[in-house]
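The values are calculated or read from the model by the stated rules, or taken from the named source; none is laboratory data. This is a predicted model, so every value here is computed, not measured. Because the Cβ atoms are built from the backbone with ideal geometry, glycine has one as well, and the counts that use them run over all protein chains shown. Areas reflect the complete protein model, heavy atoms only, side chains present, ligands, DNA and RNA absent. Shrake-Rupley method; radii C 1.70, N 1.55, O 1.52, S 1.80 Å.
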Amino acid sequence: MRTLFRNVRLFDPGAGVDGPGRHVLVLDDRIASLDAPPDAAAERVVEGAGALLCPGLVDLRCHLCEPGRTDRETVATGVASAARGGFTTVVAMPTTDPTIDRVEVVETIKTRAAEAGATRVLPAGAMSEGRQGERLAEMAKLRDAGCVLFTDADLPVPDSQLLRYALETAGDLNVPVATHAEDVALSQGGVMHEGQCSIRLGLDGIPGAAEEVGVARDLAVAELTGARLHIAHVSTAGAVELIRQAKRRGARVTAEVSPLHLCLTEAAVLGYDPAAKLFPPLRTRRDVNAVVDGLADGTLDAVASDHTPRTALEKNREFDRAEPGAVSLETTLGVVLTLVARRELTLERAVHVLTRAPAKVLGRNDIGRLTEGGHADLVLIDPEAEWTVQPQAFGSRSTNTPLAGAEMRGRARLTMARGRVTHEMNHDGS
């Protein structure tokens with residue numbers, strides 16, 4: 001099967017490529033030519049009309065919920081949602097039941113992913129058995145089975161010595177460790193950011209210091225070992241500054257931010273809206289400005305969706321009893337490109353933090369880039385497309401998002417994973 005993308009703006013900032021009026025030929029699952037003639041023989045021609053043809057997006061943090069909570073999401077519905085958002089690779093968190101701390105679970109996820117289609121699903125193995133923070137998981141076996149990252153997902157590692165062993169072991173295996181940085185003694189019982197809004201609403205708060213103490217501890221242990229550390233969903237100005245200083249010292253640290261922490265503040269909780277209950281919680285305007293600046297200047301390396309499906313029953317209840325989290329695979333690109341429209345982020349940086357940067361965190365050279373002979377993982381993006389978030393139209397099984405009704409700028413027109421079209425927008429924009 002030959003597919004010709006005609007008259008596109010070939011855009012791969014990780015490789016320094018920005019070429020308007022290009023024609024790209026895909027043969028089966030590979031990129032045959034990045035500079036094909038406009039009349040190259042092909043069974044299908046996609047008219048780009050100047051849209052951006054970029055590497056397929058790479059997501060470092062996605063909760064697919066299978067096995068275990070298929071009422072929230074399945075691998076099949078999760079990858080359908082990912083494709084609609086322009087993602088061709090997603091890293092599946094070990095928040096499954098059973099957790100990804102044994103080879104059999106890795107094999108189950110790989111089988112489900114193969115059945116679901118061409119979107120690449122990379123399992124993240126649990127750092128500790130059952131994500132309980134007591135004993136290391138069998139990391140070597142998990143790596144050999146296909147795990148690309150070790151993390152206890154949304155649980156911090158309470159024992160600093162265990163974190164040290166995990167970093168040293170993962171370093172020997174050449175696999176990164178990602179931590180959720182939090183001092184639970186400071187955050188215990190909180191349901192939103194501690195500040196003026198929590199006082200006004202009478203809700204228990206989580207201070208920014210809980211994250212900052214956790215980040216400081218994780219950085220100290222990482223620098224002790226010299227191993228690679230990735231810090232997940234950074235949300236406070238103080239945490240951004242700690243990471244910035246660590247990088248200046250030469251620490252081997254990378255970090256990510258979720259799209260919702262780039263665009264929403266604690267004010268979204270006013271009215272006790274459970275859709276705005278997230279973990280980490282939405283913070284202040286100062287924090288939002290700091291994470292956007294940190295993303296722009298390279299302190300924060302990547303944007304990860306932190307896609308966290310919840311059922312209607314889990315969300316539609318009193319705020320302090322509602323489950324935290326939001327589905328984000330289909331809105332991540334729109335949030336980031338909306339920052340570009342507001343001139344808070346350059347287009348080059350926006351595409352980089354969703355493609356090559358997350359691939360580098362994983363140490364992968366086969367994703368997040370466009371190369372002749374490489375995998376045909378592509379996304380055709382209209383950066384000027386204006387659209388309204390309609391959760392009921394999502395490919396996900398869940399619809400929990402605080403962005404319902406929000407106006408976005410920029411959208412994936414077509415997604416191709418390993419040469420197969422996994423999403424194509426209809427003429428009506430659906």
- Query: Given a 1.4 Å probe, how much area per residue of the range 34-123 is accessible, in Å²?
  - Reply: 33 Å²
- Query: Using the beta-carbon distance between GLU107 and ARG200 and R0 = 41 Å, what value does 1/(1 + (r/R0)^6) give for FRET efficiency, to the nearest 0.05?
  - Reply: 0.25
- Message: How high is the relative contact order of the range 241-361? Use alpha-carbon pairs under 8 Å, at least six apart in sequence, and give a whole percent.
- Response: 29 percent
- Note on the structure: With 0.36 nm assigned to each residue of separation and the Cα-Cα distance removed, THR371 to ASP293 gains 25.0 nm
- ³J(HN,Hα) computed for each position of the range 142-149 - Karplus, 6.51 cos²θ - 1.76 cosθ + 1.60, integer Hz, glycine/proline x: 5, 4, 5, 7, x, 6, 10, 7
- Message: So if I take the centroid of the Cα atoms in the range 170-234 and the same for the range 94-116, what is the distance between those two points in Å?
- Response: 27 Å
- For the range 215-300: accessible area per residue (Å², 1.4 Å): 34 Å²
- Task: Report, as a whole number in µm² per second, the diffusion coefficient that Stokes-Einstein gives for the range 34-81 at 20 °C and 1.002 mPa s using the Kirkwood radius over alpha carbon pairs.
- Result: 147 µm²/s
- Task: Considering only protein heavy atoms, with the full assembly of protein chains and a 1.4 angstrom probe, order LEU167, LEU242 by accessible area, largest first.
- Result: LEU242, LEU167
- Message: Roughly how far apart, in whole Å, are the Cα centres of the range 1-63 and the range 323-375?
- Response: 16 Å
- With label points set 7 Å from each Cα along the Cα-to-Cβ direction at GLN161 and LEU313, the distance between them in nm comes to 4.3 nm
- A correct Karplus calculation of ³J(HN,Hα) over the range 229-242, with 6.51 cos²θ - 1.76 cosθ + 1.60, θ = phi - 60°, whole Hz and x for Gly and Pro, returns 10, 10, 9, 7, 5, 5, 9, 10, 4, x, 5, 4, 5, 4
- Task: Under 14 Å from the Cβ of THR77, count the other residues' Cβ atoms, weight Lys and Arg +1, Asp and Glu -1, and hand me the total.
- Result: +1
- Its Cα gyration tensor gives the range 323-430 an equivalent ellipsoid whose semi-axes in whole Å, largest first, are 24, 17, 15
- Which percentage, to the nearest 5, of the DSSP beta bridges contained in the chain is antiparallel? 50 percent
- Task: Show that you can apply the helix-only estimate: for the chain, add -39,500 (n - 2.57) for every DSSP H stretch of four or more residues, divide by all residues, and state [θ] at 222 nm to the nearest 500.
- Result: -8500 deg cm²/dmol
- Query: Sorting ARG2, ARG411, ARG310 by accessible area (1.4 Å probe), largest first, what list results?
  - Reply: ARG2, ARG411, ARG310
- Query: What's the percent breakdown of Cα-Cα distances in the chain across 10 Å bins, shortest bin first?
  - Reply: 5, 23, 33, 27, 10, 2, 0
- Query: Any idea how many Lys pairs in the chain come in under 23 angstrom at the alpha carbon, given 8 or more places apart or on separate chains?
  - Reply: 5
- Task: Please name which of LEU52, THR311, LEU282 has its Cα lying farthest along the dipole of the chain towards the positive end, using unit charges on Cβ (Lys, Arg +1; Asp, Glu -1) and the Cα centre as origin.
- Result: LEU52
- Ignoring ligands, DNA and RNA, what percent of the accessible area of the range 1-119 is carbon or sulfur (1.4 Å)? 48 percent
- Task: Could you tell me the accessible area of ASP301 in Å² (1.4 Å probe, neighbours in place), rounded to the nearest ten?
- Result: 30 Å²
- Two-site label geometry, VAL421 and ASP144: point separation in nm, points 7 Å out along Cα→Cβ: 4.3 nm
- Task: Report the calculated FRET efficiency for ALA393 and ASP97 (r = Cβ-Cβ distance, R0 = 30 Å), to the nearest 0.05.
- Result: 0.55
